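I have placed the structure first, in the form of structure tokens, so that the comments after it can refer back to it.
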Amino acid sequence: MQPDVRADVYQIACEVFGLRPEDIAPDRPWDDLGIGSFDLVEFVFAVCGNFSVELDSQTLLQLRTLDDVVAWIEQIQMARAAAR
């Protein structure tokens with residue numbers, strides 16, 4: 001498993017959403033952070049590209065916070081490692 005998943009996701013969030021690291025609230029929903037749907041789509045594309053993962057629309061609707069995104073990526077990485 002990649003140890004920097006959380007740091008990488010937070011870095012992408014800062015870049016895409018224009019947040020400072022101290023503004024990161026990993027357990028707050030997107031709306032509470034003032035993140036709109038266009039920014040969220042840009043974030044998802046950046047995360048998927050960075051971690052070489054694909055995201056279906058049903059899963060996207062379940063990812064409501066940065067912590068959700070981190071957990072989703074870690075789950076995929078564990079499944080990939082187990083399949084080797």
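Every number here is computed from the coordinates shown, using simple stated rules; none is lab data. Keep in mind it's a predicted model, so treat the numbers as computed, not measured. A quick note on method: Cβ atoms are made from the backbone with ideal geometry, for glycine too, and the neighbour counts reach across all protein chains shown.
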Provide Arg6, Arg20, Arg64 in ascending order of the number of other Cβ atoms located within 10 Å of each residue's Cβ, fewest first. Arg20, Arg64, Arg6
Roughly how many whole Å is it from the C-alpha centroid of the stretch 6-39 to that of the stretch 42-84? 15
What helices does the chain have that are whole DSSP H segments, at least 15 Å long along their own axis by Cα, and with mean Kyte-Doolittle hydropathy of 1.0 or more? 37-51
To make sure I understand, if each residue's beta carbon is the centre and we count other beta carbons within 10 Å, what order do Thr59, Thr65 fall in, fewest to most? Thr59, Thr65
Using a Gaussian network model of the chain with C-alpha springs under 10 Å, which one of Asp32, Asp56, Asp23 is most mobile by mean-square fluctuation? Asp56
Least to most buried among Val47, Val5 (fewest other Cβ within 10 Å first): Val5, Val47
Neighbourhood charge, 15 Å Cβ-Cβ cut-off, centred on Val70 and excluding it, Lys, Arg +1 and Asp, Glu -1: -3
Once the mean 1/r over all distinct Cα pairs of the chain is inverted, what Kirkwood radius in angstroms do you read off? 13.1
Tell me the mean residue ellipticity at 222 nm calculated for the chain from its helices only (DSSP H runs of n ≥ 4, each -39500 (n - 2.57), averaged over every residue, nearest 500). -19500 deg cm²/dmol
Equivalent ellipsoid semi-axes for the stretch 18-64, as square roots of 5 times the alpha carbon gyration tensor eigenvalues: give them largest first, rounded to whole Å. 19, 13, 10
